[in-house]
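Below is one structure, written out as structure tokens; comments come after it.
Rule-based calculations on the coordinates, nothing more; no lab input. Note that the structure is a prediction, hence the values are computed from the model and not measured. We place every Cβ from the backbone using ideal geometry, glycine too, and count neighbours over all the protein chains shown.
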Amino acid sequence: DTQPILADVTRRIVAVGQRGHVVHSSDGGRLWTQVPVPVSSDLTAVRFVDTNVGYATGHDGVVLGTRDGGLSWTRLLVGRQANTLALEHMKRQAAAHDASDADRKLLDEAQRNFDAGPDKPFFDLWFASANEGFVVGAYGLVMHTADGGKTWGPWIGRVENPALLNLYALRAGRGALFVGG
């Protein structure tokens, strides 16, 4: 079977799936067109903040962005970069004050992820606007951007998850952002 398995669909009728497949439909889903993307990693989620601006995420720490309704995509974050950001953040955190046991555990995890390579997946994402959003994934990974994905900051340790369990979903409601794992 050569058809991609589609993992998530938006209201704009843009779908993402295996091996970096992104397809869109402009006729209510009767006809679909595949669009080129700069990755071949499995994509797990796609969200749009308006009719033009959207984001997709998936395996290998990939985050993609579009500004034209899903017709073209750019790479905004990859696993190696995410691992480096998390490790540098935890090193600074540990050096800034007496590192707690929790800080040392997070630093050890960041080092393990860095050493293992860029294979950790992001499973979901949520954007409050075209600029501000979060991605969550394996082993408690949480990344935040405030500039539409140009720069990312790790939120490791800012989400209660002492066992570093996988985080699978982000949903907003009643003025709060909820994380499911």
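A few remarks follow.
- For the chain, the 222 nm mean residue ellipticity estimated from helices alone, with every DSSP H stretch of n ≥ 4 adding -39500 (n - 2.57) and the total spread over all residues, rounds to -6500 deg cm²/dmol.
- Highest GNM mean-square fluctuation among Thr145, Thr51, Thr66, for the chain modelled with Cα contacts below 10 Å: Thr51.
- For region 122-181 versus region 20-86, the gap between their alpha-carbon centres in whole angstrom: 17 Å
- Using θ = phi - 60° in the Karplus curve 6.51 cos²θ - 1.76 cosθ + 1.60, the 3J(HN,Hα) couplings for region 122-137 round to 9, 9, 8, 8, 8, 10, 7, 7, 5, 9, 9, x, 9, 10, 10, x Hz; x is entered for Gly and Pro.
- Take every Cα pair under 8 Å whose residues are at least 6 apart in sequence, average their separation, divide by the length of the chain, and the relative contact order is 14 percent.
- Computed from Cα positions, the angle between helix 101-116 and the longest principal axis of the chain comes to roughly 50 degrees.
- q = 0.20, 0.25, 0.31 Å⁻¹, region 66-118: log10 I(q)/I(0) [Debye, one scatterer per Cα]: -0.68, -0.88, -1.10
- Relative to the longest principal axis of the Cα atoms of the chain, the long axis of helix 79-96 lies at roughly 30 degrees.
- Each Lys and Arg Cβ is given +1 and each Asp and Glu Cβ -1; about its Cα centre, the chain then shows a dipole of about 300 debye.
- With all pairs of different C-alpha atoms in the average, the Kirkwood value for the hydrodynamic radius of region 101-181 is 13.2 Å.
- Simple label model, 7 Å out from Cα along Cβ direction - Gln81 to Thr151, nm: 1.3 nm
- Long-range amide H partners of Phe123 with built H, under 5 Å: Val136, Gly137, Ala138
- Residue list for region 151-168, given a label point 7 angstrom along the Cα-to-Cβ vector of Arg112 and an amide N cut-off under 13 Å: 162-166
- Cα extents of region 13-81 along the three principal axes, largest first (Å): 38, 22, 16
- Hydrodynamic radius by Kirkwood, which averages 1/r over all alpha carbon pairs of region 97-143, in angstrom: 12.3 Å
- Between the beta carbons of Val159 and Asp101, assuming R0 = 25 Å, the FRET efficiency works out to 0.90 to the nearest 0.05.
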